Amino acid sequence: MPNRTVIPPQSGRAIRVSRGDLIRIVDPQGQQVADLWAFTTGETLDWLSTSHTRDIGERLFPAMGERFYSTAGKPLLTLVEDGSPGPHDMLYPACSNALYERAGFHGHPNCQDNLHKALAAEGITLPFTPDPVDLFQNSMPLPDGRLDVYASINPPGGYITLRAEQDLLLVVTACSVDYYPTNGGVCTEIEVEVTRPE
Ligand SMILES: [Zn+2]
């Protein structure tokens, strides 16, 4: 049986996984972006780097069977199944208090704070915020280089499956954007199922 974690709307959770585990990140109600971070749990702090992943993979997002890499160029996760129409984003930062302040909202929940709260629950303080992988986020660059975020096209139950290539601490947030079409106008939950192959 998979180990299931429900991430309520506009919140985040830390999940420890072991090398070989399969991690399925599910959007039960559809159109909900999930931000994903991965940190190594060994003696040296290393983490999933979207820029290194773009560089090594020579793509905006890994294709099936390709990997997400760390700042040290180590493979951390492999994309083994995409049960969604995509696209997934690796260009945007997490939504943050500063973003919402610019939009005129004060004290709004946000993925950056939810990352740090989830890490704090694991006893980890990080003085910076790595850029996340924005699963199900519909923000592919336009041919002239412009960027905007449109409503996610992920259907209810759309998911992605990753394999852990190392022991990792994952953080997944259910993105908090509710004033822009990013999450279809309504913030909903994300589910994470971790399966350990026999
Ligand atoms: Zn967010």
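Above 15 Å lies some portion of the pair distances; for region 90-139, what is it as a whole percent of all C-alpha pairs?
When all Cα pairs of region 90-139 are counted, 52 percent exceed 15 Å.
Work out how much length Leu147 to Leu91 would gain on full extension: take 0.36 nm times their residue separation and subtract the Cα-Cα distance, in nm to one decimal.
Length gained, Leu147 through Leu91: 19.2 nm.
How far apart, in nm, are two points set 7 Å out from the Cα along the Cα-to-Cβ line at Glu122 and at Arg196?
So the label points at Glu122 and Arg196 sit 1.7 nm apart.
Report the gain in length on full extension from Glu58 to Thr5: 0.36 nm times residue separation, minus Cα-Cα distance, nm rounded to one decimal.
15.8 nm
What whole-number distance in Å separates the alpha-carbon centres of region 1-42 and region 83-128?
With region 1-42 and region 83-128 each reduced to a Cα centre, they are spaced 15 Å.
Using a cut-off of 12 Å between beta-carbons, work out the net charge of the residues near Gln29 (Lys and Arg +1, Asp and Glu -1, Gln29 not included).
Numbers: positive: none; negative: Asp27, Glu189, Glu191.
Surrounding charge for Gln29 is -3.
At a threshold of 8 angstrom on Cα-Cα distance, excluding pairs fewer than six apart, so keeping six or more, what relative contact order does region 17-105 reach in percent?
Details: 84 pairs, mean separation 16.8, N = 89.
The normalised contact order for region 17-105 reaches 19 percent.
What figure, in Å² to the nearest 10, do you get for the accessible area of Cys175 with a 1.4 Å probe and non-protein molecules left out?
10 Å²
Could you list log10 I(q)/I(0) for region 83-198 at q = 0.09, 0.10, 0.23 Å⁻¹, which the Debye formula gives when each Cα is one point scatterer?
The computed values of log10 I(q)/I(0) come out as -0.28, -0.34, -1.56.
Take every Cα-Cα distance within the chain, group them into 10 Å bins from 0 onward, and report for each bin the whole-number percent of pairs it holds.
9, 39, 39, 12, 1, 0
Roll a 1.4 angstrom probe over the protein heavy atoms and tell me the percent of accessible area of the chain that is carbon or sulfur.
C and S atoms contribute 51 percent here.
The values are calculated or read from the model by the stated rules, or taken from the named source; none is laboratory data. Just so it is clear, the structure is predicted and the values come from calculations on it, not from any experiment. For neighbour counting, all protein chains shown are included, and Cβ atoms are generated from backbone atoms with ideal geometry for every residue, glycine included. Surface areas here come from the heavy atoms of the whole protein model, side chains and all, with no ligands, DNA or RNA. Shrake-Rupley method; radii C 1.70, N 1.55, O 1.52, S 1.80 Å.
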